[in-house]
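Single-structure report; data block below.
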Amino acid sequence: MCGIVGAVSHRNIVPVLVEGLRRLEYRGYDSCGVAVAHEGELVRARTVARVADLDMQIQSSGLSGLTGIAHTRWATHGKPDTVNAHPHFSGETIALVHNGIIENYEALREELRAVGYGFESQTDTEVVAHLVHQAYTYPSSKTRGNLFASVRAVVKRLHGAYAIAVFAKDQPERVVGARAGSPLVVALGQDEAFLASDALAVAGTTNRIIYLEEGDVVEITREGCTIVDVNDAPVEREVREVESHAAAVELGPFRHFMQKEIFEQPRALGDTVDGIDSFEPALFGERAASVFGEIDSILILACGTSYYSGCTAKYWLEAIARIPTQVEVASEYRYRTTVPNPRALVVVISQSGETADTLAALRHAQSLGHKHTLAVCNVGTSAMVRETELCMLTRAGTEIGVASTKAFTTQLAALYILTMTLAKQRGMLSADDEAKGIAQLRHVPSALHAVLALEPQIIAWSEEFARKENALFLGRGMHYPIALEGALKLKEISYIHAEAYPAGELKHGPLALVTDQMPVVTVAPNDVLLEKLKSNIQEVRARGGQLYVFADADTEIQSSDGIHVIRMPEHYGPLSPLLHVVPLQLLAYHTACARGTDVDKPRNLAKSVTVE
């Protein structure tokens, strides 16, 4: 959530700041703003509208400057209005933007009020701006006149998560940043330097990126940067050449990024499985072979869509690799008493690798004695990848839409590869089954093209769904988490209330909700539970329910009065969930379009949840 861009340059930096905000819109926000040093003064523009409106405001005012900071805010402390929007000023000297939550801001605010500071906003961020001002300007301050030292002193007093960028009007040739629990990168250009929440913000401007570590404080100037660690010791961080992903923010022929990313799934899956011709531990890191030999169980920690990928993997891991598997919601895991097993492999799943709840759960597991950890992640430079013993990178590419699509299917692919690798290591996978599994993985992209071709039929269904306010999703076995994911997608972007259940649970409560106004979406693969599922379908139909069934070609489920069927390709064995989730994504997408919602930026949601 939220996004930061900062810059020091030899040129007017405002267009770069605005473009950076545009690139970060996918993270979710409800206000945005820019501040620059202009002719010895701090000048800013803020709005509760979109970045495009901010840009119009800037164009009409002629805002310009060689140094500046910009921000997209997702409201936490204080409602989304202009006075709470970033950047925040203190004493007309300090300009500051902040991602995260300062947990001790109330005590700090009272302390600042006692020495004469007033507050214009309800944010925790304004407290940080005033603390920096105090450290930078007060005659008694040991860090007076030194912004870098002032910020280093202030962050030691902050409890919580933050990434900040700050500059002073009387030293406009430098910007200082700091991070703890929220991502921040440095980007180095020709006679200019940048700070950003995400390298995507400066894609196309420079590809030389430094990923700051937890507790780092950095000062950027046109000549480069200076970094100190959490102990104030000077450090050198690796400068990486990062491939530009500027094309990721171009829609091309698609109406929304979500639609684009749904249709990118064959490519993303192809990239994720490319080059895999056997299931070997080396796919997960140099130490994977020895680690896999030591473990006796799996503990999966994840949130949201990633949690549902973990729930699907549990079926694979226990049925194919025969290894006990537990899946926990990461945001709950560390707040209850658990029984740690040092021989368990802790698997954390995250698209960004910066998900605050999942990172906190990982660190909690490590504190309990879990030494074997593995990240399934889409960002190789993320905190999660750096903090785990092993990893497997998905190759989804940049995902802009808040509702995750291609990240989910690539996570499933990675977890299936993990399953088959563990099965082989444990003597549960024959050579023939390994060859069959590799062949199926490689064929998934082609099979997905056939599923995507169903879009016109799904659009017809979406016109019916758009008039509803509630929906049920049913699945059995490893397709129950797919039903959960389908319901999540529908509620996220169309705002239709949707719930998912194991189909066998119908008689235990949900059947009471079934009427002709409650569409029931059913995932119907041709597996061992098909006949049970057919009975569940008849239960719904007998109560007057309207069924919308995604059925494999050979299930013999036919369309009839009250039963609407879209025929899927042939049953795809254990990889069937990768195919069956895609029409659910398309159904949610087209229903949201029909209802006129903001598909890529649904209300109240953020792409990257970097605070609890």
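When restricted to residues that are assigned to a loop (DSSP other than H, G, I, E, B), modelled with pLDDT under 95 and either in contact with a Phe, Trp or Tyr (Cβ under 9 Å, 6 or more places away or on another chain) or surrounded by 15 or more Cβ atoms within 10 Å (Cβ to Cβ) (or both), the stretch 82-102 contains 3.
Within the stretch 536-555, being at pLDDT below 80 and in contact with a helix residue (DSSP H, G or I) (Cβ under 9 Å, 6 or more places away or on another chain) holds for Asn536, Ile537, Glu539, Val540, Arg543, Gly545, Thr555. Taking the criterion of being in a strand (DSSP E or B), in contact with a strand residue (DSSP E or B) (Cβ under 7 Å, 6 or more places away or on another chain) and not hydrophobic (A, V, I, L, M, F, W, C), the residues of the stretch 181-238 that qualify are Gly181, Glu192, Arg208, Tyr211, Glu219, Thr221, Gly224, Thr226, Pro234.
Taking into account only those residues within the stretch 367-379 that are buried (at least 17 other Cβ atoms within 10 Å of the Cβ) and of a type outside the set (A, V, I, L, M, F, W, C), which is nearest to the chain's Cα centre (by Cα)? Even if it seems obvious, please write down each step before you answer.
At the first step, the residues of the stretch 367-379 found to be buried (at least 17 other Cβ atoms within 10 Å of the Cβ) are 370, 372-379.
Keeping just the survivors that are of a type outside the set (A, V, I, L, M, F, W, C) gives 370, 372-373, 378.
Details: His370: 25, His372: 24, Thr373: 20, Asn378: 10 Å.
The qualifying residue nearest to the chain's Cα centre (by Cα) is Asn378.
Conditions (1) surrounded by fewer than 24 Cβ atoms within 10 Å (Cβ to Cβ); (2) closer than 14 Å to Tyr416 by Cα, marked per residue:
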position: Met258; (1), (2): no, no
position: Glu264; (1), (2): yes, no
position: Ile276; (1), (2): yes, yes
position: Leu283; (1), (2): yes, yes
position: Arg287; (1), (2): yes, no
position: Leu299; (1), (2): no, no
position: Cys303; (1), (2): yes, no
position: Ala321; (1), (2): yes, yes
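Looking across the stretch 153-165 at every residue that is surrounded by fewer than 24 Cβ atoms within 10 Å (Cβ to Cβ) and more than 22 Å from the chain's Cα centre (by Cα), the one that is nearest to Leu96 (Cα to Cα) is identified as Val155.
Looking at this structure, is Glu539 without any contact (Cβ under 8 Å) to a residue 40 or more places away in the chain and assigned to a loop (DSSP other than H, G, I, E, B)? No, not satisfied.
Total residues in the stretch 120-166 satisfying the condition of being of a type outside the set (S, T, N, Q) and part of a loop (DSSP other than H, G, I, E, B): the figure is 11.
Would a scan of the stretch 513-536 turn up a residue that is buried (at least 22 other Cβ atoms within 10 Å of the Cβ) and touching a Ser or Thr at 6+ places or on another chain (Cβ under 6 Å)? Yes, some residue in the stretch 513-536 is buried (at least 22 other Cβ atoms within 10 Å of the Cβ) and touching a Ser or Thr at 6+ places or on another chain (Cβ under 6 Å).
So, in the stretch 323-337, of the ones that are in a loop (DSSP other than H, G, I, E, B) and in contact with a strand residue (DSSP E or B) (Cβ under 8 Å, 6 or more places away or on another chain), which residue ends up surrounded by the most Cβ atoms within 10 Å (Cβ to Cβ)? Show your work before the answer.
So the first thing to find is which residues in the stretch 323-337 are in a loop (DSSP other than H, G, I, E, B), and the list is 323-324, 334-337.
Filter again for in contact with a strand residue (DSSP E or B) (Cβ under 8 Å, 6 or more places away or on another chain), leaving 323-324.
Values: Ile323: 20, Pro324: 14.
Out of the qualifying residues, it is Ile323.
Just one of the numbered conditions (1) modelled with pLDDT of 85 or more; (2) out of contact with any Asp or Glu (no Cβ under 9 Å at 6 or more places or on another chain); (3) within 29 Å of Val514 (Cα to Cα) is not true of Ile563: (1). In the stretch 374-473, counting only helices (runs of 4 or more DSSP H) that sit wholly within it, the ones holding 3 or more residues that are touching a residue at least 40 places away in the same chain (Cβ under 8 Å) span 406-425, 431-452, 455-465.
Name the one entry in Leu362, Leu345 that is on the phi < 0 side of the Ramachandran plot, surrounded by 22 or more Cβ atoms within 10 Å (Cβ to Cβ), in contact (Cβ under 8 Å) with a residue 24 or more places away in the chain and assigned to a helix (DSSP H, G or I). Steps first, please.
Numbers: Leu345 fails: assigned to a helix (DSSP H, G or I).
Of Leu362, Leu345, the one residue that is on the phi < 0 side of the Ramachandran plot, surrounded by 22 or more Cβ atoms within 10 Å (Cβ to Cβ), in contact (Cβ under 8 Å) with a residue 24 or more places away in the chain and assigned to a helix (DSSP H, G or I) is Leu362.
What number of residues within the stretch 166-211 satisfy the criterion of being surrounded by 23 or more Cβ atoms within 10 Å (Cβ to Cβ), under 28 Å from Glu106 (Cβ atoms) and within 22 Å of the chain's Cα centre (by Cα)? Of the residues in the stretch 166-211, 7 are surrounded by 23 or more Cβ atoms within 10 Å (Cβ to Cβ), under 28 Å from Glu106 (Cβ atoms) and within 22 Å of the chain's Cα centre (by Cα).
The values are calculated or read from the model by the stated rules, or taken from the named source; none is laboratory data. In this text the structure is predicted, and so the values were computed from the model without any measurement. Note that we place each Cβ from the backbone using ideal geometry, even for glycine, and neighbour counts take in every protein chain shown.
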